[in-house]
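To start, the structure under review is shown below, and the notes come after it.
A short reminder: the numbers here are calculations on the coordinates, not readings from a lab. In this text, all values refer to a predicted model and were calculated from it rather than measured experimentally. Because the Cβ atoms are built from the backbone with ideal geometry, glycine has one as well, and the counts that use them run over all protein chains shown.
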Amino acid sequence: MGFGSSAVCDIRLNTSLSAEQREKYQNTEAVRELLATAKRIAVVGMSTEKTKASNMVASYLNDEGFEVIPVNPRATEIMGFPCYPNLKSIPVKVDIVQIFRPASEVAAIVEDAIEIGATAVWMQLKIVDLKSADRAIEAGLIAVVDKCIKMEHGRFSGALHFAGMNTEVITARRRKLR
């Protein structure tokens, strides 16, 4: 077994989804297209603490040129951006609803995402609610489940290979800014 084929380097080990579910909820081409076309991302459950994953992911997305909209009912501003208590209170169109809340809260968030006309719902790594993902898909949204949007963006922009992880994308291209 060569270096690149070692099971410990296989990023599919990061998910509990079956191969069929990965094709449906983690489709590489759908993810790549979504990240290439999205401009505005609402981060539901964004923390005010800079060391929390939601804040670090949002900071990365902002640095990469996405418009980040924090959603947290206990804050009025995060990272210098106005923070909204829920998706329905956001006054502009949202492309991706990035979910950093427990799976038990996903159904209501998906319903709000459908109501506001979002393009996609994205359940962060280890957040899995397939019934809600199917509801989003039935309503015409793209649903990504159990994936880290930061890792996926880095994978397709060529940025993550520097960290030594197997991104399954081999490229010699320099990273492009959005």
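Each part gets one Cα centre, and for region 31-81 versus region 122-155 those centres are 15 Å apart. Run through the DSSP bridge list for region 20-163 and note the antiparallel percent, rounded to the nearest 5. If I count the DSSP bridges inside region 20-163, around 10 percent turn out antiparallel. Here residue 59 and residue 19 are evaluated by their C-beta separation; at R0 = 35 Å the FRET efficiency comes out at 0.60. Kindly provide log₁₀ I(q)/I(0) values, in the same order as q = 0.14, 0.20 Å⁻¹, from the Debye equation applied to equal alpha-carbon scatterers of region 20-163. So the normalised log intensities are -0.58, -1.26. Per residue, the average separation of C-alpha pairs within less than 8 Å and at least 6 apart gives region 20-163 a relative contact order of 21 percent.
Full extension of the chain between residue 51 and residue 111 gives 18.7 nm of extra length, using 0.36 nm per residue less the Cα-Cα distance.
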